[in-house]
1. Given a 1.4 Å probe and every protein chain left where it sits, what share in percent of the accessible area of the range 211-347 is carbon and sulfur?
2. With all protein chains present, how much of the accessible area of the range 874-998 (probe radius 1.4 Å) comes from carbon and sulfur, to the nearest whole percent?
3. Given the convex hull of the Cα atoms of the range 758-840, what is a quarter of its surface area in nm²?
4. Calculate one ³J(HN,Hα) per residue across the range 469-484 by plugging θ = phi - 60° into the Karplus curve 6.51 cos²θ - 1.76 cosθ + 1.60, and present them in order as whole Hz with x for glycine and proline.
5. Considering only protein heavy atoms, what per residue accessible area in square angstrom results for the range 744-867 with a 1.4 angstrom probe?
6. What are the ³J(HN,Hα) couplings of the range 287-297, residue after residue, when phi is run through the Karplus curve with 6.51, -1.76, 1.60 and θ = phi - 60°? Round to Hz, x for glycine and proline.
7. Just subtract the alpha-carbon distance of Ser689 and Thr138 from 0.36 nm times their residue separation and send over the number in nm, one decimal.
8. Which entries of Lys289/Lys454; Lys289/Lys692; Lys108/Lys354; Lys750/Lys985; Lys261/Lys701 show an alpha-carbon separation above 28 angstrom in the structure shown?
Amino acid sequence: MADGIPLNPMRKNSKRLPYYYSAGLPSPLLLSSRFSVEDDSSNLDEMPLMMSEEAFENEESDYQTLPRARLAQRRRGLGWLLLGAWKLLCGSCCDFLLRLCRRRKELKARTVWLGCPEKCEEKYSKNIIKNQKYNILTFVPGVLYQQFKFFLNLYFLVVACSQFVPSLKIGYLYTYWAPLGFVLAVTMVREAVDEVRRCRRDKDMNSQLYSKLTVRGQRSSSVSFHSNQRIPADMVFLRTSEKTGACFIRTDQLDGETDWKLKVAVGCTQRLPAVGDLFSIKAFVFAQKPQLDIHSFEGNFTREDSDPQIQESLSIENTLWASTVVASGTVIGVVIYTGKETRSVLNTSSAKNKVGLLDLELNRLTKALFLAQVVLSIVMVALQGFVGPWFRNLFRFVVLFSYIIPISLRVNLDMGKSAYGWMIMKDESIPGTVVRTSTIPEELGRLVYLLTDKTGTLTQNEMVFKRLHLGTVSYGADTMDEIQSHIVRSYGQVTSSSAAGGTTPSGKSQTVGPRVRKSVSSRIHEAVKAIALCHNVTPVYESHGNGETESAEADQDFTDDNRTYQASSPDEVALVRWTESVGLTLVNRDLTSLQLKTPSGQILSFHILQIFPFTSESKRMGIIVREESTGEITFYMKGADVAMASIVQYNDWLEEECGNMAREGLRTLVVAKKSLSEEQYQDFESRYSQAKLSLHDRTLKVAAVVESLEREMELLCLTGVEDQLQADVRPTLELLRNAGIKIWMLTGDKLETATCIAKSSHLVSRSQDIHVFRSVSNRGEAHLELNAFRRKHDCALVISGDSLEVCLRYYEHEFVELACQCPAVVCCRCSPTQKAQIVMLLQQHTANRTCAIGDGGNDVSMIQAADCGIGIEGKEGKQASLAADFSITQFRHVGRLLMVHGRNSYKRSAALGQFVMHRGMIISTMQAVFSSVFYFASVPLYQGFLMVGYATIFTMFPVFSLVLDQDVKPEMALLYPELYKDLTKGRSLSFKTFLIWVLISIYQGGILMYGALLLFESEFVHVVAISFTALILTELLMVALTVRTWHWLMVVAELFSLACYLASLAFLSEYFGGLTVFDVPPDRSYITTWPFLWKVSAITLVSCLPLYIIKYLKRKFSPPSYSKLSS
């Protein structure tokens, strides 16, 4: 049907391409072979997607053709030009200058000589760690730039600088420069402290001493390291003190994995008699140019002074990357990359500067206030009739009303965020929680999408062997003793002269079936033996005596209770522990040999010929061993069912049983073997060695040689390993779902396992259906499947990474809009890059906030891309935890972190921000009334310390005490998670609530000023003392009106501020005595008279009492949801 019908190609100038293919995905041209199946355009038109038919009616399907995108383009009019074009222009210029200044030299391959340092012409980068943002010269300019790039601070800088112009001067300079200087001083001190800490950490790391080897009095590139020393540069491993020629390193600071990694020294240099011989030979290392990938390396070691010339291929197992730590022995390596060229630095990406949604909303409100300030100034000048130097008067009014935008807003919010972080870390209900980014705690209360990893996040990453399937018989946890008895009987009947893997007769099975069918006992024997041999696990023993394990001594105490297993995969450790439990124990392993202990205590020795490590591309690992007692060569392999299905011999049970185990939540591995003759192996080794020495397309050539061996392998068994759920995962997910949070699970596991975990963890409720998005590979299939999915309602979606990629390529907008309607989404077989892309897609297509949570290094990109990143300290290391904004120890802590602390942080910041703006608007209203009385003269109402004290000591503590307020108790917030839904709507801080505060400010400012003028008409000279006293009392009462739950510190703050103001009446009598007008001297004693007191009280009562009455009536007849629960 699809023959001869062309696909609708992507436009070459599409703006989507750089976004989706910049993060490491292949370009559309490279993917063309994958999507080679052509689609019938006429059939597509018969089955339109309801989301947007234009996406495939057009000849060129592109997101830019969608109505939503065109609407965004139409919005780019005059407003965008005025508000955004200047920012875009400045940003582009700055980016160009930065790229020009930071232009890096081209990375090239290099040759490093061992015995001839004079031949090393490559210049190394400076090998220092530098995490500092600034130096002595750039600190002040850099900090000032970071502050004044924000509109709020830049606005106050312009206003403060205007006071140096005599014609524009309104009041004392310190009333403008003191608050701005305080903000800058606090910021600079904070930055300086952080910079000093970074400098000290860098200095400690850069001052570490290492043993650098010398040759003929010249310094070489070879360095010696001891156990527990950090490796400072990328190196090739030349030599070790360990007899095995290998050592362990810890890579938790590089890739986040806590398991030790085995590294192998170059064979030629390891065999040299002494260390000094390293420089007596004529040899060099050829290394590829620096790459990002920490899991691959291509290079060659060549020795020219031997006959014949010795050449060895170098791979990742021969490298020692910077930031790793030597775990055992003493090693010597030759430096190949330093400084900015090391893998660790190349993979270090500076996390984006996350800005909270509340900060963006406040920024918009600030711009609205500035616009109102300008309009008010124009009105004042217009009422003057634009007489005289009206432009100068206009600017004076702008300065006069500058308090409408309070500079204390940023200070109060930053201090509040620090307080929220402190409260989170001190919460005993979520111990171990760390706040690493103190700028976005309010984001925890605005989340709509939670994207979570599976392994180690929802599950414990503790693997337990649960199932062994042999095709005709299956063994579970309750029948493992049968396997043990088979193993004991099998090895008990094997004599020392027979093959260790020989078939053990079984009277029950021997008479059943043809001769080619093996008995159950022999099949169990071979399966357990294969599992015990096919892995990368190394047994490690606690130090006793010399601390080393002698591999050649058969009488060693292999039953040491201190034996532990080290491997890069917990699945392999679980398999080896299981073989130990049934009687076949891994007791020793080095680079070339491996030893097993049978139930009778006999030691079986195997020579390791080749190892093919597991990769995410191959999804399998293999090993070729030679049994020393018989000389038999066997190729063992295990891997995912999708990779092994085409490798093993035909069978009719593997696919079905893999699906059954996956539905039980088990991680499956298929185990197979193939016996090789000596001739077959020698032919393979020759081709394999030649492929490994290739400098071009080495990976492809090596893979082709290995695949030639992976044919018609004998299927031995299918294993099932369970990854247990974290504590309280089910109630936590149910809590989040009831709170209106849509949960997406992004995992690299297979579809069946991910679906099972989604069900068992209650990510998908029992009443919901699950739509499994079938595998699609082209546009037509994606079209049909999207139409089928569109007809479903209220069902969870399960999709694989490959199908997701196809859907996003052709129907991005339609797919995302459909997926966002699902209560839960499970994406399986996702790469780290795809995880980050899904986060960015949700951010791009929705106006909602996203949160990503994970525990491994593969989750870092997703965590950094999300609006709020949460890391869990798990078995995969601390990399995700260190890269996250918030770090927790268990997944169940997410519930309290969001429901309680997220709610409180958002509610408190919203109230605090609006109240601080109210504090500025009310005094600006009073100033406008005052100027109107004086014939629209630009004369300040309050001067000097009164303005400084108003924003600080007189009202700061009560206003800031709002960070202790809470509308509902923590227990109530957790009991009724539905309350969280209201937070995502942003009703606590919106233009509606802002307008209410504006009206309150205008009303109170007008009452205070007009009341002062009316009640003190015959004593107008005392207007300052009258109005300012009423203003302070009004602000203190308004704080009490705003508070929903009183805290004892709030009462202390109110009383302390009132006491400070009363004390200032005595110390600042020159301000409160009255105005010197018409040559009438001020009367300082007036503020102590009864008329002053009762009239001030009357004005304050009129300004506040109506608001109290309105609040009471509103709570009585239209109470909010939280107040109903509180009552």
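The values are calculated or read from the model by the stated rules, or taken from the named source; none is laboratory data. Computed from a prediction, not measured in an experiment: that's the story for all the values here. Ideal geometry is used to build each Cβ from the backbone, glycine not excepted, and the neighbour counts take in all protein chains shown. The area values use the complete protein model at the heavy-atom level, side chains included, leaving out ligands, DNA and RNA. Shrake-Rupley method; radii C 1.70, N 1.55, O 1.52, S 1.80 Å.
1. Working: 2620 of 5450 Å².
Carbon and sulfur: 48 percent of the exposed surface of the range 211-347.
2. About 63 percent, which is the carbon plus sulfur part of the accessible surface.
3. Seen from a random direction, the Cα hull of the range 758-840 projects 5.3 nm² on average.
4. 10, 9, x, 10, 9, 10, 10, x, 4, 8, 10, 5, 5, 5, 4, 4
5. Values: 3570 Å² over 124 residues.
Per residue, the range 744-867 has an accessible area of 29 Å².
6. Taking θ as phi minus 60°, the curve returns 10, 5, 5, x, 10, 7, 5, 7, 9, 9, 7 Hz for the range 287-297.
7. Working: separation 551, 0.36 × 551 = 198.36 nm, distance 5.37 nm.
Residue separation times 0.36 nm, minus the Cα-Cα distance, leaves 193.0 nm.
8. In this structure, Lys289/Lys454; Lys108/Lys354; Lys750/Lys985 lie more than 28 Å apart at Cα.
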